[in-house]
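Colleague: For reference, the structure I am asking about is given below.
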Amino acid sequence: MAAEPLDAYSQIVAGVAAELTPRVASLRVPHPGGRLRGEGLGSAVIYTPDGFLLTNAHVVGGSDQGVALFSDGTSAAFRVVGADPLSDLAVVRVDSATPNPATLGEADDLVVGQLVVAVGSPLGLTGSVTAGVVSALGRSLPTREGMNTRLVEDVIQTDAALNPGNSGGALADSRARIVGINTAVAGVGLGLAVPINATTRRIISALMRDGQVRRAYLGIVSVPFPLTEPLQRRFGRATGLRVAEVVPGAPADRAGLRRRDPLITAGGHPVARAQDLQKLMFSEAIGRPLAITVLRNGALVDVIAEPTALVAA
C-alpha cells in the first residue's frame, strides 16, 4: 500500500525543517571556571558563508569561546565576536567550514496567525523542530546591561513550543526565511523571539564590525497610547508614543521634554512606536542635534536634544 502523501501543512513544516536543520548549530559554552558542560546551552543560526553565527547574548553570557556542534556530527571551536545584552543578540564565529547560511526574512511583514517554525538544538539534540503560529506582535522584552535597561520592541510571540536550549535558534516563516532569533520561554506554550528587521540588522552589523553596539542616549521612558479621533485624522495613525518619564539631567531633560508629552516626530520621522525612536539611537546620533516635535495644548512644539553616548555601568 502506497504511503499517504503529507498534507499541505506537514509539507511546509517538513520543508522548513529540511532546509534549516543543517543551518542551526548547538552551542556548548564554558563554565566560568573553564570546563565545558556536557550538553549544549543554546543554539545558533549560520549567518554568513565565512563562519559567522547568530545567537543570544544570554547564551554566550560572559564567555569568549566555546564549541559549536552541527547536525552532520561535526564540531568546531568558536569565539565570541560581540554580544549586545540590550538586544539579546550575539555574533560568534567558527574558523572552519560551515554549511551554507540561512536566508534572513523580514519580521515587520509578519501577521498574527501566520505559520512559523522554530528550529533549534536544545541540549545538543540537533534538528529539534516545532511549529505554530504568530500569537502576537509588538510585545516588549525587558533587557539589562549593567544599570542600563531597555525594551526590545516588536518581539514576536509564538505558540510554537520552545525549550530553554532553543534560545539562539531560528524562528522561520513558511519559506524557511529567518524572521526571529528565539530568545525566551515565557511560559507553557508561549515563546518569544527577537525580530529580524532593519534595527536588528544594524545591531548585527555593528557586532560583526566593532564587537559592540554604540548607542545614543536621550534619557526618556516612553509608552504607547491610542490617539484620539481628531489626532488620528490629523496625523494619519491610530497610536503614538507618550513620554512616561524623563531622567533628570539627561539630554531630554535639558532639551525641555516633559512627562506626558506626546511624541510626534524625531529627526523628521514619524514616531508611532518605541522602535521608531530607538532605531535613531545609534552611534551617528551621539553629539548631534536631534529635532523632536511634541504636542502640547493642541500645538506642535519643537525641542532640540543632543543625545550622549550610552555608557554601560
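Colleague: Would you call VAL81 surrounded by fewer than 24 Cβ atoms within 10 Å (Cβ to Cβ) and among the aliphatic types (A, V, I, L, M)?
Modeller: Judged against the criteria, VAL81 is a match.
Colleague: Taking the range 230-252 on its own, how many of its residues are crowded, with 17+ Cβ neighbours inside 10 Å, more than 13 Å from LEU263 (Cβ to Cβ) and not hydrophobic (A, V, I, L, M, F, W, C)?
Modeller: Residues in the range 230-252 being crowded, with 17+ Cβ neighbours inside 10 Å, more than 13 Å from LEU263 (Cβ to Cβ) and not hydrophobic (A, V, I, L, M, F, W, C): 1 in total.
Colleague: Would you check which residues across the range 30-51 are of a type outside the set (Gly, Ala, Ser), modelled with pLDDT of 90 or more and crowded, with 20+ Cβ neighbours inside 10 Å and list them? First the steps, then the outcome.
Modeller: Applying the first criterion (of a type outside the set (Gly, Ala, Ser)) to the range 30-51 yields 30-32, 35-37, 39, 41, 45-50.
From what is left, the residues that are modelled with pLDDT of 90 or more are 45-50.
Selection gives VAL45, ILE46, TYR47.
Colleague: Would you check if ALA206 is surrounded by fewer than 22 Cβ atoms within 10 Å (Cβ to Cβ), in the same structural domain as THR158 (by TED's automatic domain parsing) and over 30 Å from ARG258 (Cα atoms)?
Modeller: yes
Colleague: Shifting gears a bit: Scan the range 195-231 for residues that are farther than 27 Å from GLU306 by Cβ, part of a helix (DSSP H, G or I) and in contact with a strand residue (DSSP E or B) (Cβ under 8 Å, 6 or more places away or on another chain) and jot them down.
Modeller: Listed by number, the residues that qualify are ILE204, MET208, LEU231.
Colleague: Something else now. Pairs, please: C-beta under 7 Å, at least 6 apart or cross-chain, first residue more than 19 Å from THR21 (Cα to Cα) and in the range 149-171, second at pLDDT 75 or above and basic (Lys, Arg)?
Modeller: That search, which allows pairs on different chains as well, returns GLU153/ARG273; VAL155/ARG139; GLN157/ARG139.
Colleague: In the range 106-119, which residues are out of contact with any Phe, Trp or Tyr (no Cβ under 8 Å at 6 or more places or on another chain) and either modelled with pLDDT under 90 or surrounded by fewer than 21 Cβ atoms within 10 Å (Cβ to Cβ) (or both)?
Modeller: Just the residues of the range 106-119 that are out of contact with any Phe, Trp or Tyr (no Cβ under 8 Å at 6 or more places or on another chain), to begin with: 106-114, 116-119.
If the condition is that a residue be out of contact with any Phe, Trp or Tyr (no Cβ under 8 Å at 6 or more places or on another chain) and either modelled with pLDDT under 90 or surrounded by fewer than 21 Cβ atoms within 10 Å (Cβ to Cβ) (or both), then GLU106, ASP108, ASP109, VAL111, VAL112, GLY113, GLN114 are the ones that fit.
Colleague: Suppose we filter the range 72-126 for residues that are more than 16 Å from ALA172 (Cα to Cα), of a type in the set (Val, Ile, Thr) and assigned to a loop (DSSP other than H, G, I, E, B); how many remain?
Modeller: Number of matching residues: 3.
Colleague: Then there's this: Checking the condition buried (at least 24 other Cβ atoms within 10 Å of the Cβ), in the same structural domain as VAL134 (by TED's automatic domain parsing) and modelled with pLDDT of 95 or more, which residue from LEU54, LEU27 passes?
Modeller: Only one candidate qualifies: LEU54.
The values are calculated or read from the model by the stated rules, or taken from the named source; none is laboratory data. Worth saying up front: this structure is predicted, and the values here are computed from it rather than measured. Cβ: placed from backbone, ideal geometry, glycine included. Neighbour counts: every protein chain shown.
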